[in-house]
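Q: Can you read through this structure? Questions will come right after.
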Amino acid sequence: MAKIVVIGGTGLIGSKVVSKLNAHGHEAIAASPNTGVNTLTGEGVAEVLTGADTVVDVSNSPSFAPDDVMEFFTTSTSNLLRAEAAAGVRHHVALTIVGTNRPQSIPYFAAKVAQEKLIRDSGVGYSLVHATQFFEFVGSIADISTEDDTVRLPGGLVQPIAAEDVATAVARTAAGAPQGDIEIAGPESFGMDEFIRRGLTFRKDPRVVVRDDSAPYYGAQIEERTLLPVEGAQIFETRFEDWLPLNPPRK
């Protein structure tokens, strides 16, 4: 059994990862600014990594502005990797996104690409878990794409996944040996517009979703297959139609 430090361990994915690892007998520690560990400033990082075998990083930038997100992922990852080398950590697991290795101009993805490069070049054994969009993002994607009562989204394909399944994949990866790059996804693909339309319709949201292939996704245009997993990805079973009734929108 291993000591595994989960950076971002009090968030949506991190809290689930901590619970799953502890349930299987590991010593999983939730590390976040709420627990006195701040990878952006370095506060508490060296202390929490003492004796750690594996570090899982599922943290996220508090701001999605292009400069802010680049600063967050490069600075926090550099601080973390430096502390891991000093502590003798053998396995670094990071949650990232499907599509970072394909041509695209999404600022958030560019920051994740920079993070991935730092990890690959660090000399620490690593696993990069590339996930598709979460079902849980249906509301936020709709919100950033709304003008008046209309949601404009491209028809580029997505194969979204439940956060619970993401946490399962990350926890399994953390409990094993470094794997390099892996991809995970849900069982069904939709156009981005259809994904959001289904979610809003089920929740009786009155907004109208319109397909507009010129509409941006997080600030950039996407191609039809930019966000789809590659052949050989790990496919999880939770379907969107089964997830929706169990996950009402947050008030």
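Q: Provide the gained length on full extension for the span D213 to R225, in nm with one decimal, where the gain is 0.36 nm per separating residue minus the Cα-Cα distance. Intermediate results must be reported in sequence, preceding the final value.
A: Working: separation 12, 0.36 × 12 = 4.32 nm, distance 1.28 nm.
Using 0.36 nm per residue and subtracting the Cα-Cα distance, I get 3.0 nm.
Q: Another question about this same structure. Charges at C-beta only: +1 for Lys and Arg, -1 for Asp and Glu. How large is the resulting dipole of the range 116-202 about its Cα centre, in Debye rounded to 20? Walk me through the intermediate numbers first.
A: Details: 6 positive and 14 negative charges, 65 e Å.
My answer is approximately 320 debye.
Q: Under unit Cβ charges (Lys, Arg +1; Asp, Glu -1), what dipole magnitude, rounded to 20 debye, does the chain have relative to its Cα centre? Provide the component values of the computation, followed by the final result.
A: On the way: 21 positive and 32 negative charges, 87 e Å.
Charge dipole of the chain: 420 debye, to the nearest 20.
Q: Per residue of the range 156-170, what does 6.51 cos²θ - 1.76 cosθ + 1.60 with θ = phi - 60° give for ³J(HN,Hα)? Whole Hz please, x for Gly and Pro, Karplus curve as stated.
A: With the stated coefficients, the range 156-170 comes to x, 7, 10, 10, x, 9, 6, 4, 4, 6, 4, 4, 4, 5, 5 Hz.
Q: Now, a different point. At 1.4 Å probe size, with the rest of the protein present, what percent of the exposed accessible area of the range 122-163 is carbon and sulfur atoms?
A: Numbers: 580 of 1350 Å².
Percent of accessible area from carbon and sulfur atoms in the range 122-163: 43.
Q: Here's something else I'd like to know. So how do 199-211, 90-102, 121-133 stack up, highest first, on mean other-Cβ count within 10 Å?
A: Details: 199-211: 15.1, 90-102: 21.5, 121-133: 19.5.
Going from most to least packed, we get 90-102, 121-133, 199-211.
Q: What does the helix-only formula give at 222 nm for the chain: each DSSP H stretch with n ≥ 4 adding -39500 (n - 2.57), the total divided by the residues, and the result rounded to the nearest 500 deg cm²/dmol?
A: On the way: 8 runs with 87 residues, N = 251.
Taking each H run of at least 4 residues, the total per residue is -10500 deg cm²/dmol.
Q: Under 5 Å between amide hydrogens, which residues at least 5 positions from D212 or on another chain qualify, with H placed 1.01 Å from N in the peptide plane?
A: Sorted by chain and number, the residues that satisfy this are L153, G155.
Q: Please give the peptides 5-11, 60-66 ranked by average Cβ packing (other Cβ atoms within 10 Å per residue), highest first, as a rough proxy for protection. Could the numbers behind the result be given before it?
A: Values: 5-11: 24.4, 60-66: 14.1.
Highest-to-lowest ranking by the protection proxy: 5-11, 60-66.
Q: Give a residue-ordered list of calculated ³J(HN,Hα) values for the range 22-27 (Karplus: 6.51 cos²θ - 1.76 cosθ + 1.60, θ = phi - 60°; whole Hz; x for Gly, Pro).
A: 3J(HN,Hα) across the range 22-27, in whole Hz: 5, 5, 9, x, 7, 9.
Q: While we're on this one: May I ask you to give the solvent-accessible area per residue for the chain, in square angstrom, as obtained with a 1.4 angstrom probe? The partial results should precede the final answer.
A: Values: 11580 Å² over 251 residues.
Result: 46 Å² per residue.
Q: Enumerate the amide H contacts of D181 below 5 Å, restricted to partners 5 or more residues apart or on another chain; note that Pro and chain-start residues carry no placed amide H.
A: HN-HN under 5 Å from D181: L128.
Q: May I have the count of lysine pairs in the chain with C-alpha atoms under 25 Å apart, counting pairs 8 or more residues apart or located on different chains? Don't jump to the answer; show the numbers that get you there.
A: Working: K3/K16; K3/K20; K16/K112; K16/K251; K204/K251.
Lysine pair count for the chain: 5.
Q: Over the chain, calculate the relative contact order: mean separation of alpha carbon pairs under 8 Å at least 6 apart, over the residue count, as a percent. Provide the component values of the computation, followed by the final result.
A: Numbers: 513 pairs, mean separation 48.4, N = 251.
RCO, the chain: 19 percent.
The values are calculated or read from the model by the stated rules, or taken from the named source; none is laboratory data. These figures come from a predicted structure and were not determined experimentally. A quick note on method: Cβ atoms are made from the backbone with ideal geometry, for glycine too, and the neighbour counts reach across all protein chains shown. Just so you know, the surface numbers come from the protein's heavy atoms only, side chains and all, with ligands and any DNA or RNA stripped out. Shrake-Rupley method; radii C 1.70, N 1.55, O 1.52, S 1.80 Å.
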